[in-house]
1. Go through the range B:56-81 residue by residue and tally those that are closer than 8 Å to B:Gly32 by Cα and of a type in the set (S, T, N, Q).
2. Within the range A:12-27, identify whether any single residue is of a type in the set (Lys, Arg), out of contact with any His (no Cβ under 6 Å at 6 or more places or on another chain) and not in a loop (DSSP other than H, G, I, E, B), and answer yes or no.
3. Do we find that A:Gln403 is away from chain B (no Cβ under 14 Å) and modelled with pLDDT of 95 or more in this structure?
4. Can you name the number of the only condition in (1) under 30 Å from A:Met103 (Cβ atoms); (2) of a type in the set (S, T, N, Q); (3) not in a strand (DSSP E or B) that A:Ser394 fails?
5. Here is a check on your reading of the model: is A:Ser250 under 30 Å from A:Lys262 (Cβ atoms), assigned to a helix (DSSP H, G or I) and in contact with a Phe, Trp or Tyr (Cβ under 9 Å, 6 or more places away or on another chain)?
6. Please name all residue pairs, on different chains or six or more residues apart, with Cβ atoms under 8 Å, provided the first residue is in the range B:95-116 and is within 8 Å of chain A (Cβ to nearest Cβ) and under 15 Å from B:Ile31 (Cα atoms) and the second residue is of a type in the set (Asp, Glu) and assigned to a loop (DSSP other than H, G, I, E, B).
7. Quick one: what pairs do we get from the range A:473-493, first residue free of Cβ contacts under 8 Å to residues at least 60 places away in the same chain, second of a type in the set (Ser, Thr, Tyr) and surrounded by fewer than 17 Cβ atoms within 10 Å (Cβ to Cβ), C-beta under 8 Å, 6+ apart or different chains?
8. Any residue at all in the range A:151-171 that is part of a loop (DSSP other than H, G, I, E, B) and at pLDDT 80 or above?
Amino acid sequence: MTEQTTKKQLGMFRLSGAGVLALVVGGTAAAGYFGAGPITKSILSSSLEKAIGAENNIESVQYQLQPFGIKINGLQQTDPDNLSQNLFEFKQASASLNVWELMLGQVLIEELKVDSLTFNTERTTAGELYVPEAVHTEDSTSTISDFKNSIKVPSKDELLAKADLITEKKAKQLQTVWTSEKENVEQSLKNLPSKDSLKKYETQWQAIQNSEIKSLEDLEALKAKIKQLKADISKDKEAVAQIKSQYKTSKSNLDTAYSELKAAPAQDWSNIKEQLPIDDPSALAISKLLFGDEITGYITKAEEIYKTLKPFIDANREAKEQDKLSADLLTQGRDIDFTLVEKWPSWMVKSLLIDVIAPDGKAYRVEGNEINVESYVRNKPSLYSVNLVNMDGSEESFELSGQYFVDKASEFTSKGKWQLKNMAVDGKSLSKNKQMSLTMDQSLLNGDGTFAWQDKLESNHKLKFKNVKMSGEGDSQLANLTLDTLTKVSSFNLDIGVKGSLSSPSVSISSDLDNQLNSAFKEQVSERWDALQVETKQALKDKLTASLNSNSGNLEKFESLKAKLDNAEEEFKKYGKEQLDKLISDKKEALEKKLKDKAEQELKDKLKDKLKGKFKGFGI
Amino acid sequence: MITLIAKFLSALNSETRPSQIAMAIALALLIGFNGVVSLIGLLVIILLFVLRVNLSIFLALSAVFTVLSFVLSPLSNMLGESLLTSASLTEFWTSLYQTYWFRLETLNNTLNMGNLVLSILLFLPTYFFSHWLIVKYRHSMMDYVNKFKVVQTLKASKFYRMYLTVNGQ
């Protein structure tokens, strides 16, 4: 009973329970605080090793509670291509995160700092390789080699092989026209009256001419014969006219094809001249040859970066669509949207600060704000800048600033500018090909430029080299001429324009170096170009002659056909309507005269007989 | 089901205070309607540690109230819809939407809002009604119910004995 009373007197609050709760919460927090660091270190390290394929080392990972964040100390990532050096390393990276946003599924990094990020540093001990070495393919060399080859004067065969020759096309066209028209003419010639037909007309004509008309019946019979002859001749004349018409059409077509073929070599020459710097060797840009490799390298790098970032931008779009699909599947409840004052994208770095030490030992500070790939959410562009940290007190400076925006359709746009002052360029190799090696031993570089990306790249850069000293070696007359000119240059400008898509950009490089070099080149190269001009024109002429010769036999045959047709027409002229009508008229007149004479004679005879009777009594 | 009835009978017939059983029922209502993974769920778990409530009843009725919340979901949805779309409350909801806990709870969802409001509204009535019912039962019905053949059969069953063993009674 006493025990029951004691139980009943127990209050609503359970102090022991509160103690257990405190222990559970405290234990969990302590385990998280002390265990999370090593666990994260292990996960991060193995993830990087899997992603990059080489050993990763991290000194320690720490979590901080207020503000909630993570700190990575001493990270070294081995270069899988060179195990004795690090791909990159940094002393410390820290990120402070917004926990509430994290629970809402959004990674909002308030501040991301990377201290002393260095690339390609030597390792104290060689790292391990975790995956087979990736095979790197170089596909950007063709453009460079094109630049290199552009200095060579091509042969006539190379020119003719590259050019899409109109002469050859027109020669083929003439052959086709000839074959087609020959067939048409031959088809129509089947209707040409034969020699026998003409002989038959001759015989009939002679017979008609020699026929004697004694009576009206004879005349009618003659008329019928002539009518028949007229009809036969008319039919054959019509056939000849048709053949002649076909001949004229075919002749016209052939004449057109011939005249086009004859004009083709001139057109070919004109086209070749437009495509190649035959008339003006100064169009050869030496600056492309010297700086093409460097610029192509930058473009290739930019394309690599873009290709790396693109999947993240696209993945975000796919994730959004998937979320929407899942939401549609919810059958219970409806989400009411209220205006959110502060919207965040799925991930964002509010403030980014990276101190980078470049391979040449120079320190750069990379800063960013609002770094994310869903700019449309906050309708704010992401800002970035790179600045040279001048530690030795020199006047050298580099500033790059820009911004980018990713819209709802994941379209990326960016614009920015850069400026460079008093940067020393020493021992820069500009050309290492077989014909010529060139090194810029010393120069002071200034420059500025702008860039913009919206569907395609639009960028212009101006570089000014001062106090230039160059040296090199060449193994040809042209290379030595180039070197001779370049070593005398003390300053020059370089204007670079890169436009179009990253995969196939249009690069324009111009420099006042070109003018200096081209005047020297022009003298040397113009003689070679003149000779080439004569050779190429002769080759085109030969092609024309060959084509004309191959068709000359056919042309003669075609011309003889005209004589044949003219002859046939001439033959038919004899049996023209006028001649036949005149023949009938003559025969008719002869008959009438004959009848008249006969009638007169009969009248005379009758009159004579009558007079004889009257004058009988007079003794006559 | 037998276990559930066994638990009920055991608790009702035990010397546990009616308030402890009533609080367990009311807290089960909150969990059943709002789920464990929520701020309300967290609050209930803390209360379970701190308050002396009947855990058996709580666990058994949590499942019952979860089922009940599904049954009442059209009503909850309607309630949430009318509250969240009320023009006079738009400003209030918008200001709450700026807070993390509101968005974490997805209280802008009509069903979640309806469940929360309904469970809070029913919390005190459930507690007091349960308390009254238990007191009433113990005073006037317990002896009478215990005489039922079905109850005696149940008490004699393997499940009931097993339950008592587990609960140490």
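1. 3
2. The answer is no, given that none of the residues of the range A:12-27 is of a type in the set (Lys, Arg), out of contact with any His (no Cβ under 6 Å at 6 or more places or on another chain) and not in a loop (DSSP other than H, G, I, E, B).
3. Answer is yes for this residue.
4. For A:Ser394, the exception is condition (1).
5. The answer is yes for A:Ser250.
6. Every condition considered, the pairs that remain are B:Asn112/B:Glu105.
7. A:Thr487/A:Ser471
8. The answer is yes; a qualifying residue exists.
The values are calculated or read from the model by the stated rules, or taken from the named source; none is laboratory data. Here the structure is a predicted model, which means the values were calculated and not measured. Every residue, glycine among them, receives a Cβ derived from its backbone with ideal geometry; neighbour counts consider all protein chains shown.
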